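Report on the following structure.
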Amino acid sequence: LPITDEEYIILCNAVAHEAGCNWISEYDKALVVEVIMNRVNSPRYPNTIYDVLTQRNQFTGASGYVNLGTYSNEVTQSVKNAVTYYFENLESFTQGYLGFRGDGYRNIFS
């Protein structure tokens, strides 16, 4: 993958926190990765995964998982699959999403 092992772990922790529920599809979990990576690549946001996730008022609770150095207990195989899927299928993620909101059952991307 085009990211470090540390970044992979941080992304898995972020996806687990934002969309780790079993009823959320792996594709929708991968869309969370798309939002984060689109922000990394946008001049409007910081240019590292860590800095995007810790940007003030953006990812609530990120301070609790970005510095763990290991997977949080919420990371499942489905979460890992989603992060890997994103990077192995970049051509499927061209929506340009920079944000999302959720209601506890699904995320709405924008």
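Bear in mind these aren't lab numbers, they're just calculated from the coordinates by the rules spelled out. Keep in mind the model is a prediction, meaning the values are calculated, not measured. Heads up, the Cβs are rebuilt from the backbone with ideal geometry, glycines too, and the neighbour counts pull from every protein chain shown.
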field: Gyration tensor (Cα) of the chain, equivalent ellipsoid semi-axes in angstrom
entry: 17, 17, 15
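What dipole magnitude, in Debye to the nearest 20, does the chain give about its Cα centre under +1 on Lys/Arg Cβ and -1 on Asp/Glu Cβ? All intermediate terms of the calculation are to be shown ahead of the outcome.
Details: 7 positive and 12 negative charges, 71 e Å.
Using Cβ point charges on Lys, Arg, Asp and Glu, the chain gives about 340 debye.
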statement: In the chain, taking the dipole from +1 charges on Lys and Arg beta carbons and -1 charges on Asp and Glu beta carbons about the Cα centre, the listed residue (63, 83, 73) farthest towards the positive end is 63
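Given a cut-off of under 8 Å on Cα pairs at least six residues apart, what relative contact order in percent is computed for the chain?
Values: 137 pairs, mean separation 41.7, N = 110.
Relative CO of the chain lands at 38 percent.
Summing Lys, Arg as +1 and Asp, Glu as -1, what charge do residues with Cβ under 12 Å from the Cβ of residue 87 carry, residue 87 excluded? Walk me through the numbers on the way to the answer.
Details: positive: 80; negative: 7, 34, 88, 91.
Once all neighbours under 12 Å are counted, the net charge is -3.
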